[in-house]
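Asks: My questions will all concern the structure given below.
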Amino acid sequence: MSMLIVGTVATDDIITPFASVEGVLGGSAVYAATAGSLYVPVRIVGVIGMDFPESYMAYLRQKQFDLQGLEIQEGKTFRWAGKYHFDMNTRDTLATELNVLANFNPNLPDPYRATPFVFLANVDPTIQLKTLDQMKKPSLTVLDTMNYWIETQRDALTAVVRRADLIMINDEELRQFTGEHSLLKAARHMLALGPRALIVKKGEHGAALVTNDGYYFAPGYPLEDVVDPTGAGDSFAGGFLGYIAKQRKITARELHRALIHGSVIASFTVEDFSVDRLKSVALHDVQQRYQEFASFTHFERLD
């Protein structure tokens, strides 16, 4: 099995209370692909400019991502700048330079169109829709988004939500999209639009999986030092879908396990800037931390 990721390939400027970096490799597709490739082959759909550093392109090739869907256009690569607050859970966007992404019109190579697992990473929902229009009934389509698209492209985003199987969204964005204060009511509101499941991300506090049949919560992995939260949600999604793509059947139990896998990989991501920590992570590292998760979240039923 393989997974297709449509999203941003970018350079980031990041400021935290403890350090800062400029022009590091980033983008939703990069984080998700790096995580997902621990499980299955990954295909990337995106666009970069002529200024994209060769060292970053070498990394994408070294990871053996299928890059047939990564276009190179005249102009500059998408660039994002952000500053994190002391708690590292909140941030301010300082700059968003769409550059070549502004006019990106994805044209999927023929082999991509039958990819069974699709992640519509955080990108303009019109790009997500154009990608879906070219797909041949994927087994599972996962959608991620952000407050910017809720504010500026609500109709297009709603159209994507109606076509996706599973939505990933943080708690603040879910409240913004639905107008509901209660997260459970908000989740029910979004599920009524058509998706089979919803994952509500709550940063360091974990994530909840909500379906019409039940609710499952996974805590965040406890870390003493968080270096950079950028890309945690995207790597969570990549790990989640990568694990699912490796299974024979999509069952409730496997969705629960996938949620833990996503949380584990996100916990590695935040331990360094960019994808630097993920570069050294192997599947056995994920499995070891998965077991640690099990040890501190298990409890016995009362007799």
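The values are calculated or read from the model by the stated rules, or taken from the named source; none is laboratory data. Values in this document were obtained by computation on a predicted structure and should not be read as measured data. Every residue, glycine among them, receives a Cβ derived from its backbone with ideal geometry; neighbour counts consider all protein chains shown. The protein model used for the area step is the full one, side chains on, heavy atoms only, and it has no ligands, DNA or RNA in it. Shrake-Rupley method; radii C 1.70, N 1.55, O 1.52, S 1.80 Å.
Asks: So, taking all protein chains as they sit and a 1.4 Å probe, how much accessible area belongs to Asp133, in Å² rounded to tens?
Replies: Only protein atoms counted, so the area is about 100 Å².
Asks: Considering only DSSP beta bridges where both residues belong to the chain, give the percentage that are antiparallel (nearest 5).
Replies: 40
Asks: Give me the percent relative contact order of the chain, please, defined on Cα pairs under 8 angstrom at least 6 residues apart.
Replies: Once divided by the residue count of the chain, the mean separation gives 18 percent.
Asks: In nm, give the distance between the simple-model label positions of Asn103 and Ser295, each being 7 Å from the Cα along the Cα-to-Cβ direction.
Replies: 5.6
Asks: Once you place label points 7 Å from the Cα toward the Cβ at Gln288 and Tyr148, how far apart are they in nm?
Replies: Result for the modelled spin labels: 3.7 nm.
Asks: Once you have all Cα-Cα distances for the chain, histogram them in 10 Å bins from zero and send the whole-percent values.
Replies: Going from the shortest bin to the longest, the percentages are 6, 30, 38, 22, 3, 0, 0.
Asks: Can you pull the percent of Cα pairs in region 159-247 with separation above 22 Å?
Replies: In whole percent, the share of Cα-Cα pairs in region 159-247 beyond 22 Å is 28.
Asks: Would you please give the FRET efficiency between Glu71 and Arg113, computed as 1/(1 + (r/R0)^6) with r the Cβ-Cβ distance and R0 = 22 Å, to the nearest 0.05?
Replies: Computed FRET efficiency for Glu71 and Arg113: 0.85.
Asks: In the chain, carbon and sulfur make up what percent of the accessible area (probe 1.4 Å)?
Replies: 48
Asks: Same structure, new question: Given the C-alpha atoms of region 1-148, compute the convex hull and give its volume per residue in Å³.
Replies: Cα-based convex hull of region 1-148, divided per residue, equals 117 Å³.
Asks: Right, something else. Restricting to DSSP H runs of at least four residues, report the calculated mean residue ellipticity at 222 nm for the chain, -39500 (n - 2.57) per run over all residues, nearest 500 deg cm²/dmol.
Replies: -10500 deg cm²/dmol
Asks: Going through the cross-link list Lys137/Lys246; Lys137/Lys249; Lys63/Lys136, which pairs have a Cα-Cα distance over 20 Å in this structure?
Replies: Checking Cα-Cα distances, Lys63/Lys136 exceed 20 Å.
Asks: For the chain, which span is the longest to avoid every loop-located (per DSSP) member of chymotrypsin sites (Phe, Trp or Tyr not before Pro) having at most 16 other Cβ atoms inside 10 Å?
Replies: So the longest stretch without any such site is 87-298.
Asks: For region 121-197, run through the trypsin sites (Lys or Arg not before Pro) and keep only the ones in DSSP coil with at most 14 other Cβ atoms within 10 Å of their Cβ.
Replies: Those that pass, being in a loop and sparsely packed, are Lys136.
Asks: Suppose R0 equals 41 Å. What FRET efficiency, 1/(1 + (r/R0)^6) with r the Cβ-Cβ distance, do Ser182 and Ser280 give to the nearest 0.05?
Replies: 0.50
Asks: Now a separate question. Would you mind getting the accessible area per residue of region 68-168, heavy atoms of the protein chains only, 1.4 Å probe, in Å²?
Replies: 48
Asks: While we're on this one: Are there trypsin sites (Lys or Arg not before Pro) in region 205-262 that DSSP puts in a loop and that have at most 13 other Cβ atoms within 10 Å, and which ones?
Replies: Arg248, Lys249
Asks: Excluding residues fewer than 8 places away in the same chain, name every one of the aspartates and glutamates whose C-alpha is closer than 14 Å to that of Lys201.
Replies: Correct list for Lys201: Asp144, Asp171, Glu172, Glu173, Asp234.
Asks: For the chain, the longest stretch holding no GluC sites (Glu not before Pro) located in a DSSP loop with at most 10 other Cβ atoms within 10 Å is which?
Replies: 75-223
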